[in-house]
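Where a number appears in this text, it was derived from the coordinates with a stated rule and is not lab data. Small disclaimer: the values here were computed from a predicted structure and weren't measured. In this analysis, Cβ positions are derived from the backbone assuming ideal geometry, glycine residues included, and neighbour counts consider all displayed protein chains.
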Amino acid sequence: MPTLSRLLILFVSLGLLGAATGALGTTVAYFYFSPDQPEVNVLKDVQLQVPLRIFTRDGRLIAQFGDKRRLPVTWEELPEQLVQAYVSAEDDRFFEHPGVDYQGLLRAAYKLVKAGKIRGGGSTITMQLARAFFLTPDQSYKRKIREIFLAIKMEREFTKEEILTLYLNKIFLGQRAYGVGAAAQVYYGRRLHELSLAQMATLAGLPQAPSRDNPVRSPERAHGRRLYVLRRMLETGAITQSQHDEASVEPIETFVHGTSIEVSAPFVAEMVRLDIEKRYGREAINQGIAVVTSLDSKLQRRAQTAVRQGIFEYDRRHGFRGALAKLNLDDFATREELVEKVTAYPTRIGQVPAVVLAVDDEKATLLSAKDEDVVLGLEQVAWARRFINQETIGDEVSKVSDVLSQGDLVYIVSTEEGSLLSQMPVVQGSMVAMDPHDGAIVSLVGGLDFDQSKFNRVVQARRQPGSVFKPFIYSAALELGLTPATVINDNAVVFQDAVLEDVWRPKNYTGRFFGPTRLREALIKSRNLVSIRVLDRVGIIPAIAHLEKFGFQSDMLPRDLSLALGSAAVTPLELVDAYSVFANGGFDVSAYFIDRIYAMDGTVIDRPEPLYACVNCVEPESESADPDRLEGQAAPSFRQAAAVAAEEVDPCARLAFFTNANAAPRTVSAQNVHLITSMMRDVIRRGTGVRANRLGRDDLAGKTGTTNDNRDAWFSGFNASLAAVSWLGFDKERPLGRGEAGASAALPSWAYFMKGALKDVPSSSVPEPDGMVTVLISPETGLLASANRTDAVFETFRIGMVPDAEADIEYPLINPFTEPEINAETGEPVVEQPVEEELF
């Protein structure tokens, strides 16, 4: 007995000594490592690397940029089964231990003794989080000790829920996905609450080796890790046996899901990225900034569809350029090998590569990159007349074998009527639309395919606008004393060019001369020679001074009469900005595309203060009111007009609707704008823009534009709620081909867009201003019509600018502004040969 007592005392003493030694060692280790330990409370303000996200004004995701894919989530957004999956797999005693699990450490110590070196294991979720934020991944005794102390400190500073939320947002889960929110999107294209138990278990199996075990890299290893997680969940009571069995056999998805882009606007997304980096630096794309643009998602979709439709229609008018490649079908032993070869060619904007398997006179059978058999009949290839050059195409297609042969690799496209032979166009196009009341860009398409060419033709391409520039010249003329009834001689002119040591003989597009022509008719029919004479009469310097009122920079405008024909190089964005002055009644608003910028925590860090065009504003309600703050009424903007169509707001609601809008300055008189707009309405009613009449609206105004040799085709048009510009041409300037003018090449895209954009939107026009009078005039002389004039027409003037009355004589009923006579043999206009008049 005494011996037993002594042994008991010895063991207790040794235990106490060991405990004391351990405590002393722990204390010494703590004070040894403590000076180098970081402050864990910094995690309360931790800034995770979150990508820059860009949205439309109505909240649709356009794009995201960043080095890491991360979608931070809160504790409340974490599904319970997902939490159970990670805890079961990584740290089943997480909610019980103080940050360090002695059982896990004993297991790690056993592995150390057995292997003779540091091995993984033993780390709790809290320790993993400490390592992820503060330590390096190297395996050493010192790092492990630091990890333990940091975990204990973190457990004192944070709740278990806060620690687990940080962990699940921080961890790397493969395929550039950081955090469970991003991983759910990358691997399954879903939000966390939409995941199945099997998918949650798959994500929970990734932390140990995310690059190796993810389902895209290795479906077999990912499945094995899933089974492990499900077994651990079953052992811990987190799931039932039936849930385990069902989730174990669910198929593994093995491809990466892209970001859930809701609206395609890549050119605007790139504009935003560059703007954010310029404002806040390169690292801003990883700081969780969210940018709300001025884009309207519906209008953006319509604009992109309209641009592509116009481009493809132009491309098909100019024939088929042939197959992408020629394949020898005997070189492929199996269908799978052939499909693999076809898929090596990119699918672009709906154009799917396919190879011709067999062809005869009536049909062709093709194998697409989607491993689908497609049959094309004569109707589906009828457009594909052989391309010879930009001016010439081959004979009409009478049989399918005229176009396709076995082994041809071509593009096909799906339409409502079925598959159609296609090809990637070489020509480019762009479109931009603006709310003229505040300058908000509501849609922007910088080219056919951003992936093929990132050159943004709306903001980067400076091209000559041609006749689409004429309304600004005519506006200068009205401001300096001319009227829509002023008669200018449409006759041949010749200019001496001292620089070129040559002469310039401009001509009308048709080649014909029309003699004395009123300004309204000259703009309607886009008469070049009248425009030149108008500018010569107004003067270059006064005209340029007036053009500055539309936002054009004077140093970018040529100091010669070619300015009247649109020889100045402008971008579509500059042009729509200028046309907005006509659309809003004469006010200078500036284009903008960023509506709000949010920090990661949701606070607004920047928001523009757009100027707002107010046509009928009243005086502020009190002397203390801000004189620049809008207190009156305005013609409804596009957003208001659309709301009116939905019976949401009164079109004449007070501008409190625009809480941060200030009054835009008037730069052009309301009377001037009214007259030019009236003339441009006639361009659509009976002039070069007559194709826009198909929209069936009475509030549209616009102007076509075509440059020398048909190198650029334009159409700019508007009503009081929306202004839009369409352009079509080649990046490397060359002729578009005979007959490809603004009316035929650019106007169709504009019309397709406006048809959808203004659907169910009421007619919208700026009211006629005070100081105007409408009278009957002579169509020949522009003078007040005599009482017995049978062909008199109405014209509107500013009060005080009404012309004199013409002599009271008999006039026959004539119309001198008929279309040109066409030569029956050549199909060309009959050109008169008047005497040239020299101007200097």
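So the values come out like this:
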{"item": "Whole-Hz ³J(HN,Hα) from phi, Karplus 6.51 cos²θ - 1.76 cosθ + 1.60, for region 419-428, glycine and proline x", "result": "6, 9, 4, 9, 7, 7, x, 8, 5, 10"}
{"item": "Cα-projected label distance for GLU161 with GLN460, points at 7 Å along beta-carbon direction, nm", "result": "4.9 nm"}
{"item": "At R0 = 60 Å, FRET efficiency that the Cβ-Cβ distance of GLU220 and ARG738 yields, to 0.05", "result": "0.45"}
{"item": "Gained length - SER260 relative to ARG537, 0.36 nm times residue gap less alpha-carbon distance", "result": "93.9 nm"}
{"item": "Ranked by how many other beta carbons lie within 10 Å on average, peptides 93-102, 218-227 from highest", "result": "218-227, 93-102"}
{"item": "Global form of region 508-570, assessed from the alpha-carbon gyration tensor, a/c cut-off 1.5", "result": "prolate"}
{"item": "Spin-label model distance (nm) - ARG231 vs ARG212, 7 Å beyond Cα toward Cβ", "result": "1.8 nm"}
{"item": "Lys, Arg +1 and Asp, Glu -1 on Cβ, resulting dipole of region 457-564 about Cα centre, debye, nearest 20", "result": "500 debye"}
{"item": "Cα gyration tensor category, rounded, prolate or oblate, for region 285-379 with a/c compared to 1.5", "result": "oblate"}
{"item": "Rounded to whole Hz, the Karplus (6.51, -1.76, 1.60) HN-Hα couplings of region 784-801, x for glycine and proline", "result": "3, 6, 6, 4, 9, 6, 8, 10, 5, 10, 7, 9, 10, 9, 6, 4, x, 10"}
{"item": "Two-site label geometry, LYS326 and ASP804: point separation in nm, points 7 Å out along Cα→Cβ", "result": "7.7 nm"}
{"item": "Residue-wise HN-Hα coupling along region 703-709, computed from phi with Karplus coefficients 6.51, -1.76, 1.60 (Hz; x: Gly, Pro)", "result": "8, 7, x, 9, 9, 3, 6"}
{"item": "Pairs from LYS363/LYS755; LYS370/LYS759; LYS363/LYS759; LYS525/LYS759; LYS326/LYS370; LYS68/LYS153 whose Cα-Cα separation, in the structure shown, is over 30 Å", "result": "LYS363/LYS755; LYS370/LYS759; LYS363/LYS759"}
{"item": "Out-of-range pairs (alpha-carbon distance over 26 Å; input LYS454/LYS703; LYS298/LYS454; LYS470/LYS549; LYS549/LYS703)", "result": "LYS454/LYS703"}
{"item": "Shape call, region 540-620: gyration tensor on alpha carbons, a/c limit 1.5", "result": "oblate"}
{"item": "Amide H within-cut-off set for TYR612, under 5 Å, with H built and near neighbours excluded", "result": "ASN662, ALA663, ALA664"}
{"item": "Förster-model FRET efficiency, 30 Å R0, ASP67 and GLU336, C-beta, rounded to 0.05", "result": "0.20"}
{"item": "Potential lengthening between ARG694 and GLU277 on full extension [0.36 nm per residue; Cα-Cα distance subtracted]", "result": "145.7 nm"}
{"item": "Extended-chain gain in nm, criterion 0.36 nm per residue less alpha-carbon gap, SER401 and THR347", "result": "17.0 nm"}
{"item": "ARG685/VAL426 FRET efficiency (R0 35 Å; Cβ-Cβ; nearest 0.05)", "result": "0.50"}
